[in-house]
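As structure tokens, the structure follows; a few thoughts come after it.
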Amino acid sequence: MTKINNILEIKHLTKRFPGVTALDDVSLNIRRGETHILLGENGAGKSSLIKVISGVYAAEEGEIFYNRARYSPTRPHDAIEAGIQVIHQELNLLTYLTVAENILFEKLPSRFGVVDQRKLTEQAQALLDEVGLEVSPGTPVEQLGVAQMQLVEIAKALSADSQVLIMDEPTATLTSQEIERLFAIIHQLKAKGVTIIYISHRLQEVFEIGDRFTVLRNGQVVGTQPLDGTKISDIVKMMVGRDLANEYLFREDVARGAEMFRVEDLQVADGSSKVSFSVKGGEILGIAGLVGSGRTELLRAIFGADAKAGGRLFLRNQPIDVRRPKDAVRQGISFLTEDRKEQGLILDMSCYANITVTNLSAISQVGLLQAAEEQQASNRLIDSLGIKTPSSSQLVRNLSGGNQQKIVLAKWLFRNTNLLMIDEPTRGIDVGAKYEIYSLLWELAAQGKAIIIVSSDLPEIMGICHRVIVFSKGKISGEVDRADFDQEQILSLAYQEYIQE
């Protein structure tokens with residue numbers, strides 16, 4: 001019998017936070033050279049486990065063996081020196097530095113005690129070519145989009161001579177072509193003997209790269225199995241403890257009403273294409289397209305976050321003037337941004353403060369906040385959205401990614417807006433939490449609210465939306481009604497302007 005060669009052996013790990021046991025007697029083995037998929041709902045313990053392995057957290061109980069030796073990192077640098085590298089879901093780049101400086105920050109090439117700019121550029125360019133990112137090494141990271149930043153993170157990880165590479169939701173913001181490139185990189189790394197620990201909520205993709213998977217639920221290991229011969233429905237049941245027969249829950253009974261919002265000849269910048277469309281009350285309208293096609297820029301212009309070069313907005317057939325976000329909020333328009341940590345939350349404030357910040361007048365009397373009313377209002381939304389937190393006083397930065405996303409949604413529900421615009425609504429959210437958010441969106445649509453969703457997840461767009469408009473290079477290349485949904489047609493429209501170049 002061939003002896004199994006484990007590179008990591010995790011035994012009886014327990015990690016506690018005030019009011020929460022994040023890891024509860026967790027034991028599992030990671031084999032050398034395998035791609036091991038780590039699955040579970042948000043709050044299941046995946047991120048906590050990674051942070052213990054990478055030296056961010058110390059466990060109260062248990063032990064880890066790495067290459068058969070006891071392994072107890074006390075800081076992230078210990079893990080990096082040992083050959084364990086993490087690509088985090090939430091980007092960890094120094095935006096004021098260049099792409100090259102970020103990629104090689106841990107080992108900048110030097111000459112006579114000064115950074116060797118020529119070597120820095122050459123080495124960074126080689127890594128950029130490897131991940132397929134076409135930007136100059138000298139570009140400041142702050143000028144990149146989220147998907148481009150994700151590829152910089154991957155290039156940064158590849159710069160280290162790692163034995164174990166942990167990837168936390170690496171495809172969340174990538175296009176299909178970028179995902180194919182990433183998977184090719186993973187296969188190359190495996191061929192070199194690198195071990196991959198891979199976290200994803202996109203269950204379809206894990207079968208393309210994974211060997212085995214482990215499911216965590218409520219901080220405990222539910223089981224570890226080979227992916228070969230396993231069905232997605234089996235994994236979902238292990239993750240959530242129940243069957244989800246219809247993940248998207250499209251509701252035929254929610255009727256679309258009168259037009260709620262209309263855009264006429266909107267230009268997001270000088271010289272850009274004019275965009276016109278409308279959305280009805282009770283309608284969920286999807287906006288599909290490639291990353292960088294102009295979808296996010298459209299929502300930002302509507303919300304007043306970016307200046308418009310032209311065009312008109314109408315709410316309930318009445319013209320409205322939106323020059324700043326607060327103008328949009330006053331008109332009953334809300335915007336859930338793609339980057340929740342930087343633009344959607346105040347991380348070092350409590351859950352209740354984040355939820356009520358959009359409508360302080362509702363919990364104030366004669367200009368003074370009423371603490372009891374604020375707690376009651378936030379607790380109602382925490383309960384209705386199923387937000388996992390020990391209390392509404394918990395700092396938002398201590399919540400999992402999915403629960404942070406629910407806090408962003410809660411703050412706009414507290415404002416009771418009529419038009420809800422959501423950029424990547426379920427990015428980094430597990431299948432169970434997705435189900436809950438889709439259910440909530442349908443409740444809002446049934447109340448007559450209009451909802452616009454930008455998503456890079458085409459099955460999500462096709463699963464939940466009444467209608468889809470497709471962007472290609474800043475233009476609307478087509479519109480498809482639900483009865484005519486076809487994945488190939490939508491993708492063709494998304495690539496239309498690029499093919500015609």
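The values are calculated or read from the model by the stated rules, or taken from the named source; none is laboratory data. As the structure is a prediction and not an experimental result, all values here were calculated from the model. Heads up, the Cβs are rebuilt from the backbone with ideal geometry, glycines too, and the neighbour counts pull from every protein chain shown. To get the accessible areas, we keep the full protein, side chains included, count just its heavy atoms, and leave off ligands, DNA and RNA. Shrake-Rupley method; radii C 1.70, N 1.55, O 1.52, S 1.80 Å.
Can you tell me which residue in the stretch 466-501 is modelled with the highest pLDDT, limited to those that are open to solvent by 40 Å² or more (accessible area, probe 1.4 Å) and among the small types (G, A, S)?
Looking at residues that are open to solvent by 40 Å² or more (accessible area, probe 1.4 Å) and among the small types (G, A, S), I get A483.
Looking only at the stretch 78-126, how many residues end up being closer than 15 Å to L165 by Cα and β-branched (V, I, T)?
Within the stretch 78-126, the first condition is being closer than 15 Å to L165 by Cα, and the residues that meet it are 78-89.
Remaining after also requiring β-branched (V, I, T): 80, 84, 86-87.
The number of residues fulfilling the criteria is 4.
Would you check if F335 is of a type in the set (F, W, Y), within 22 Å of S455 (Cβ to Cβ), open to solvent by 10 Å² or more (accessible area, probe 1.4 Å) and not in a helix (DSSP H, G or I)?
yes
From the list I422, I407, I437, which residue is without any contact (Cβ under 8 Å) to a residue 60 or more places away in the chain and under 18 Å from the mean Cα position of the chain (by Cα)?
Working: I422 fails: without any contact (Cβ under 8 Å) to a residue 60 or more places away in the chain; I407 fails: without any contact (Cβ under 8 Å) to a residue 60 or more places away in the chain.
From the options I422, I407, I437, the qualifying one is I437.
So in the stretch 390-423, with the set limited to residues that are outside any helix (DSSP H, G or I) and small (G, A, S), which one is least open to solvent (accessible area, probe 1.4 Å)? Steps first, answer last, please.
Going residue by residue through the stretch 390-423, those that are outside any helix (DSSP H, G or I) are 390-395, 399-400, 416-423.
If we keep only those that are small (G, A, S) too, we end up with 391-393, 400.
On the way: S391: 53, S392: 8, S393: 66, S400: 32 Å².
The residue in question is S392.
Which condition does P226 not pass, out of (1) touching a residue at least 60 places away in the same chain (Cβ under 8 Å); (2) open to solvent by 70 Å² or more (accessible area, probe 1.4 Å), if it passes all the others?
Every condition holds for P226 apart from (1).
Which condition does G428 not pass, out of (1) part of a loop (DSSP other than H, G, I, E, B); (2) under 28 Å from D348 (Cβ atoms); (3) at pLDDT 85 or above; (4) open to solvent by less than 60 Å² (accessible area, probe 1.4 Å), if it passes all the others?
Evaluating G428 over (1) part of a loop (DSSP other than H, G, I, E, B); (2) under 28 Å from D348 (Cβ atoms); (3) at pLDDT 85 or above; (4) open to solvent by less than 60 Å² (accessible area, probe 1.4 Å) leaves (3) as the failure.
Against the condition open to solvent by 10 Å² or more (accessible area, probe 1.4 Å), within 25 Å of P170 (Cα to Cα) and basic (K, R), how does K11 come out, does it pass?
Details: open to solvent by 10 Å² or more (accessible area, probe 1.4 Å): yes; within 25 Å of P170 (Cα to Cα): no; basic (K, R): yes.
Considered against the rule, which asks whether it is open to solvent by 10 Å² or more (accessible area, probe 1.4 Å), within 25 Å of P170 (Cα to Cα) and basic (K, R), K11 comes out as no.
Those residues that are at pLDDT 85 or above and either on the phi > 0 side of the Ramachandran plot or crowded, with 18+ Cβ neighbours inside 10 Å (or both), I need them from the stretch 201-210; list them, please.
V206, I209, G210 - these are the residues of the stretch 201-210 that are at pLDDT 85 or above and either on the phi > 0 side of the Ramachandran plot or crowded, with 18+ Cβ neighbours inside 10 Å (or both).
Which of the residues belonging to the stretch 252-275 are under 23 Å from G332 (Cβ atoms), at pLDDT below 85 and either open to solvent by 40 Å² or more (accessible area, probe 1.4 Å) or among the aromatic types (F, W, Y) (or both)? Reasoning before the result, please.
Residues of the stretch 252-275 that are under 23 Å from G332 (Cβ atoms), as a first pass: 254-266, 268, 275.
Okay, now just the ones that are also at pLDDT below 85, so 254-255.
The one that is under 23 Å from G332 (Cβ atoms), at pLDDT below 85 and either open to solvent by 40 Å² or more (accessible area, probe 1.4 Å) or among the aromatic types (F, W, Y) (or both): A255.
Give me the residue from the stretch 346-379 that is open to solvent by 60 Å² or more (accessible area, probe 1.4 Å), part of a helix (DSSP H, G or I) and in contact with a strand residue (DSSP E or B) (Cβ under 9 Å, 6 or more places away or on another chain) and, out of that set, modelled with the lowest pLDDT.
Of everything passing the filter in the stretch 346-379, L360 is modelled with the lowest pLDDT.
Only residues that are out of contact with any His (no Cβ under 6 Å at 6 or more places or on another chain) and charged (D, E, K, R): list them for the stretch 274-315, please.
Our first condition is that a residue be out of contact with any His (no Cβ under 6 Å at 6 or more places or on another chain); within the stretch 274-315, this holds for 274-282, 285-315.
Scanning the stretch 274-315 gives K274, K280, R295, E297, R300, D306, K308, R312.
In the stretch 127-150, what residues are open to solvent by less than 40 Å² (accessible area, probe 1.4 Å), over 20 Å from R295 (Cβ atoms) and in a helix (DSSP H, G or I)?
Scanning the stretch 127-150 gives L127, L128, V131, V141.
Please count how many residues of the stretch 170-200 are within 16 Å of I53 (Cβ to Cβ) and either modelled with pLDDT under 80 or within 22 Å of the chain's Cα centre (by Cα) (or both). Spell out the reasoning first.
Pass one, the stretch 170-200, residues within 16 Å of I53 (Cβ to Cβ): 194-199.
Now restrict to residues that are either modelled with pLDDT under 80 or within 22 Å of the chain's Cα centre (by Cα) (or both): 196-199.
Total satisfying the criteria: 4.
Determine which member of the set I387, I382 is assigned to a helix (DSSP H, G or I), open to solvent by less than 30 Å² (accessible area, probe 1.4 Å) and hydrophobic (A, V, I, L, M, F, W, C).
Numbers: I387 fails: assigned to a helix (DSSP H, G or I).
Only one candidate qualifies: I382.
Do we find that L413 is hydrophobic (A, V, I, L, M, F, W, C) and more than 19 Å from R340 (Cβ to Cβ) in this structure? First the steps, then the outcome.
Numbers: hydrophobic (A, V, I, L, M, F, W, C): yes; more than 19 Å from R340 (Cβ to Cβ): no.
Considered against the rule, which asks whether it is hydrophobic (A, V, I, L, M, F, W, C) and more than 19 Å from R340 (Cβ to Cβ), L413 comes out as no.
Can you tell me which residue is nearest to T14 (Cα to Cα) among those in the stretch 52-97 that are crowded, with 21+ Cβ neighbours inside 10 Å and among the hydroxyl-bearing types (S, T, Y)?
Filtering first and then ranking leaves S54.
Would you be able to tell me the number of residues in the stretch 69-98 that are part of a loop (DSSP other than H, G, I, E, B) and within 30 Å of G344 (Cβ to Cβ)?
Total meeting the criteria: 11.
Condition first: surrounded by fewer than 19 Cβ atoms within 10 Å (Cβ to Cβ), touching a residue at least 12 places away in the same chain (Cβ under 8 Å) and at negative phi. Can you find one or more residues in the stretch 108-117 that meet it?
Yes, that holds for at least one residue.
I want to confirm something. Restricting to the stretch 445-465 and keeping residues that are surrounded by fewer than 20 Cβ atoms within 10 Å (Cβ to Cβ) and farther than 16 Å from A172 by Cβ, which single residue is modelled with the lowest pLDDT?
My answer is G463.
Report, by residue number, each residue of the stretch 355-377 that is under 19 Å from F335 (Cα atoms) and touching a helix residue (DSSP H, G or I) at 6+ places or on another chain (Cβ under 7 Å). It would help to see each step written out before you state the result.
Here is the first cut: in the stretch 355-377, the ones under 19 Å from F335 (Cα atoms) are 355-360.
Matches in the stretch 355-377: I355, T356, V357, T358, N359.
Going residue by residue through the stretch 301-319, is there one that turns out to be open to solvent by 20 Å² or more (accessible area, probe 1.4 Å) and closer than 30 Å to G223 by Cα?
No.
Checking the conditions here, which among D339, D321 is among the acidic types (D, E) and over 25 Å from G281 (Cα atoms)? Steps first, please.
Values: D321 fails: over 25 Å from G281 (Cα atoms).
Result: D339 is the single residue among D339, D321 that is among the acidic types (D, E) and over 25 Å from G281 (Cα atoms).
All but one of (1) modelled with pLDDT of 85 or more; (2) open to solvent by 10 Å² or more (accessible area, probe 1.4 Å); (3) hydrophobic (A, V, I, L, M, F, W, C); (4) part of a helix (DSSP H, G or I) hold for L440, so report the exception by its number.
Single failed check for L440: (1).
How many residues, within the stretch 141-181, are within 23 Å of I7 (Cβ to Cβ) and touching a residue at least 40 places away in the same chain (Cβ under 8 Å)?
From the stretch 141-181, those within 23 Å of I7 (Cβ to Cβ) are 153-154, 156-170; that's our starting set.
Subset that is touching a residue at least 40 places away in the same chain (Cβ under 8 Å): 153-154, 156-157, 159-170.
Residues flagged as within 23 Å of I7 (Cβ to Cβ) and touching a residue at least 40 places away in the same chain (Cβ under 8 Å) within the stretch 141-181 amount to 16.
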